[in-house]
1. List the helices (runs of 4 or more DSSP H) that sit entirely inside region 28-107 and contain at least 1 residues that are among the β-branched types (Val, Ile, Thr) and within 15 Å of residue 18 (Cα to Cα).
2. For region 54-93, how many residues are among the hydroxyl-bearing types (Ser, Thr, Tyr), surrounded by fewer than 18 Cβ atoms within 10 Å (Cβ to Cβ) and touching a helix residue (DSSP H, G or I) at 6+ places or on another chain (Cβ under 7 Å)?
3. If the Cβ limit is 9 Å and pairs must be 6+ apart or interchain, which residue in region 34-54 that is farther than 23 Å from residue 80 by Cα pairs with which residue that is outside any strand (DSSP E or B) and among the polar types (S, T, N, Q)?
Amino acid sequence: MSRYAAAKPYVLPESLAELGGPTTGGVTLPRHIDWGPHYIYDLADGADFRLLYERVIREAQTRDDLNAYLHATSLRQVWHDLFLPLPVRAAWEARFPELRESSTTTAAA
């Protein structure tokens with residue numbers, strides 16, 4: 001694990017229920033979340049969908065960022081497939097144990 005990942009403060013929502021982001025269409029993230037070349041994430045494409053979620057979870061600066069781009073039901077469905085630094089995964093799973101449980105259940109299935 002990098003020192004950056006261990007020291008970086010991560011933003012978490014108060015509850016998963018507040019996450020009401022898009023589930024269809026194309027999404028372009030703001031520069032403070034995705035500073036690479038201009039890219040439109042196609043939410044119908046599984047790889048794009050997961051990449052968008054990974055970037056938002058890792059780089060969001062406010063709860064508004066999380067609420068704008070993440071969707072609670074979709075997050076539960078893809079949680080176990082997301083490539084996240086251990087500190088951010090641990091923080092989210094500590095606050096929302098259902099993510100850990102859904103991840104364990106899905107991995108065991």
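Nothing in this text is a laboratory measurement; each read-out follows from the coordinates by a stated rule. Predicted, not measured: the structure shown is a model, and the values here were computed from it. All Cβ positions, glycine included, derive from the backbone under ideal geometry; neighbour counts span all protein chains shown.
1. Working: elements: 46-59, 63-69, 72-78, 86-95.
Filter on region 28-107 gives 46-59, 72-78.
2. Of the residues in region 54-93, 0 are among the hydroxyl-bearing types (Ser, Thr, Tyr), surrounded by fewer than 18 Cβ atoms within 10 Å (Cβ to Cβ) and touching a helix residue (DSSP H, G or I) at 6+ places or on another chain (Cβ under 7 Å).
3. 38/28; 39/28; 40/28
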